[in-house]
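For reference, the structure is listed below as structure tokens.
Please treat every number below as a calculation from the coordinates, not as lab data. Owing to the predicted nature of the structure, the values given are computational and were not obtained by experimental measurement. With ideal geometry, Cβ positions are generated from the backbone for all residues, glycine too; neighbour counts draw on all protein chains shown.
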Amino acid sequence: MAFDAGMLACVIHEIKTAALGARIEKISQPEKDEIVLQMRSFEGGRRLLIHAGSNNPRIGFTTVQKENPLTAPMLCMLLRKHLSGAKLSDIRQEGFERVVRLEFETRDEMGFACRRYLIAEIMGKYSNMMFTDEKGKILAVLRPVDFSTSSMRQVLPGMTYELPPAQDKVDPLSVTEQGFYDLHAAAPLGRPAHKWLLSTFQGISAAVAREMVYLVTADTETPLEGCTAAMLWRGFDAVIDRIRRCDFEPTLYMDGERSVEYSFLPLTQYGRSFEAKSGTAGELLDRYFSTRDRETRVKQRAADILHILTNAEARLHKKLDLQRGELADCEKGIEYKRAGDLITANLYLLERGMTQATLTDYEDYHEEDGSYGSRTVSLDSRLSPTANAQVYYKKYNKSKTAREELTRQIALGESELTYIYSVFDALTHAETDADLAEIRDELYRSGYASRMKQYRAHKQTTPKVAQFVTTDGLRVLCGKNNVQNEYITHKLADRNDYWFHAKNVPGSHTVLVCNGDEEPSDRDFTEAAEIAAYFSKAVGGDNIAVDYTRVRNVKKPAGGKPGLVIYHTNWTAYVTPDGKKIAKMRVDKK
């Protein structure tokens, strides 16, 4: 669902109710397109997030903590200069656009009282954030827009702020019933009613347009000619009137653990297909966007790692295909030996100058008639028969040596490819910049330094691993990358602890920490196996096989890549992990 004007009105109502008059205590910019205002009022402390990126733009209260850069960006420093200690005096929506204007009471450089404005345009890929003075002069802009970017509207420091160009759509808050009927009468038939609403009125998302139709027809795909103007008006007015009265009921729809949809009102169109959760707008937006934000952030910050891994994977696949082709050709070596043997056995029949000879093959015996088969052998006319035999024997020895070397090289290539897949899997579990830094350092130390431009190895710090507590109170350690895997298995774990790993797929090393000689319960084993399965490439499947054994049985082979181990005397459990249950067991802060 897009963050539409109705959802923006809901969030603004929530901010006005809880934070109007609040003082700005701290300003941070954890992402290049995201500002967080730490505010305090009589209601307590709150964190207001303004995300103006092309992915997941929004505004609202948040409880999610993110790492801040060591050096604050210029926009953040300017906002700290002007807004530290400022009071949020007003917040309003511009018409029914996805534009919000925050007004602050503060003091200028000379100490005189003044007003400053922070304007956020929540418009998908055109989202932006501007900081202006009381006359509308732009003091700073998150994403400058000049003539080379847009000929319609420029947004640059020093210019006067203007609202985005008006769309050729009607403001749903101002339309009358008769005006709605007139628009309906002029509408072309043959299209779904919700698409007509979407193209006619501004600030309405597709989900809300479908809800307007569903309220009066019990079908989201009703064609325009299938409902009268009066019917459609009732559904339209029922939703818009809630916005006018600020009668908001934020609702999030879940499909198991996956967030599907959110809105400022319940969406009856979904019936019982999904689980509906209610709460404040900030809580629901946090829940809906938390996973998406993390995935987007990791993808952006790990672009260099993905580039290295993708190229390495393609290179290895190409190399292995060539080597397997050459290995198949080496099977001809036995034919070279047979040809050399035939020439040697029939030297008395051959002479220099012959280009080929058909010779009796004494290894091809036909039992039915007691005869021998024959084979035609190619000869080099410039060489003697003995020299021709030597040529074939040399080809045979060469193919034999090549087969041994190619077999070894293919095994090394397949091992490296397995390692590459393990790093790919580690990227899916990376949660912080520290996790990504460990992966970069691991690749650097594993021989990928030449592919990592301007990177230098850093002093290794203690990895921060994921920690869980089972229902019966035992601690479980889980690595999110190969560096953490090695640290858990070979440094933290006691030799009598239990070690878990998803069978035959890339995944995390997981250790069930035993308290002395105490034997864990069956439930402890099951929950530890579920954690190992969840943090593996097999997640999402049913009855995932997980090997487990004592840590003392797990060894690192000499010269092995990071995270590579061998083990014996293991057992195997089959589990289906529940992400919600695993999240509740987690005790470390992300």
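Excluding same-chain neighbours fewer than eight residues apart, the aspartates and glutamates reachable from Lys26 by a Cα-Cα span under 16 Å are Glu34, Glu67, Glu105. Here the calculated FRET efficiency for Lys459 and Thr291, from their Cβ-Cβ distance with R0 = 35 Å, stands at 0.60, rounded to the nearest 0.05. Dipole of segment 164-314 (Lys/Arg Cβ +1, Asp/Glu Cβ -1, origin at the Cα centre): which of Ala207, Val175, Ser259 lies farthest to the positive side? Comparing the listed Cα positions along the dipole, Ser259 ranks first. Computed from phi, the 3J(HN,Hα) profile of segment 35-49 under the Karplus parametrisation 6.51, -1.76, 1.60 (θ = phi - 60°) reads 10, 10, 9, 8, 10, 9, 9, 5, 7, x, x, 9, 10, 9, 9 Hz, with x in place of Gly and Pro.
Contact order, relative form, for the chain: 8 percent (alpha carbon pairs under 8 Å, 6 or more residues apart, mean separation divided by residue count).
Using a cut-off of 24 Å between Cα atoms, the listed pairs Lys87/Lys125; Lys277/Lys464; Lys537/Lys580; Lys464/Lys584 include Lys87/Lys125; Lys277/Lys464 as exceeding that distance. Within the straight-line cut-off of under 17 Å between alpha carbons, the aspartates and glutamates reachable from Lys395 are Glu326, Asp329, Glu331, Glu335, Asp341, Asp380, Glu404, Glu405, sequence neighbours fewer than 8 places apart in one chain being disregarded. Calculated from the structure at hand, Kirkwood radius over Cα pairs in Å is found among [x] 29.0; [y] 37.6; [z] 30.1 as [z].
Protection proxy ranking for 350-363, 236-249, 44-57, using the average of other Cβ atoms within 10 Å per residue and placing the highest first: 44-57, 236-249, 350-363.
Where in segment 146-206 are there trypsin sites (Lys or Arg not before Pro) that are in a DSSP coil and have at most 13 other Cβ atoms within 10 angstrom of their Cβ? Write down the numbers at each step before the final one.
On the way: sites: Arg153, Lys169, Lys195; in loops: Arg153, Lys169.
Within segment 146-206, the qualifying trypsin sites (Lys or Arg not before Pro) (loop, at most 13 other Cβ atoms within 10 Å) are Arg153.
When each of the peptides 116-125, 364-373 is scored by how many other beta carbons lie within 10 Å of its residues on average, the order from highest to lowest is 116-125, 364-373. For the pair Leu78 and Glu313, label points projected 7 Å from Cα toward Cβ lie 4.1 nm apart.
The value of relative contact order for segment 466-585, using C-alpha pairs under 8 Å at least six residues apart, is 27 percent. Counting only residues at least eight positions apart within a chain, or on another chain, the lysines with an alpha carbon under 30 Å from that of Lys394 are Lys318, Lys319, Lys332, Lys337. Taking every alpha-carbon pair under 8 Å whose residues sit at least 6 apart, segment 5-141 reaches a relative contact order of 21 percent.
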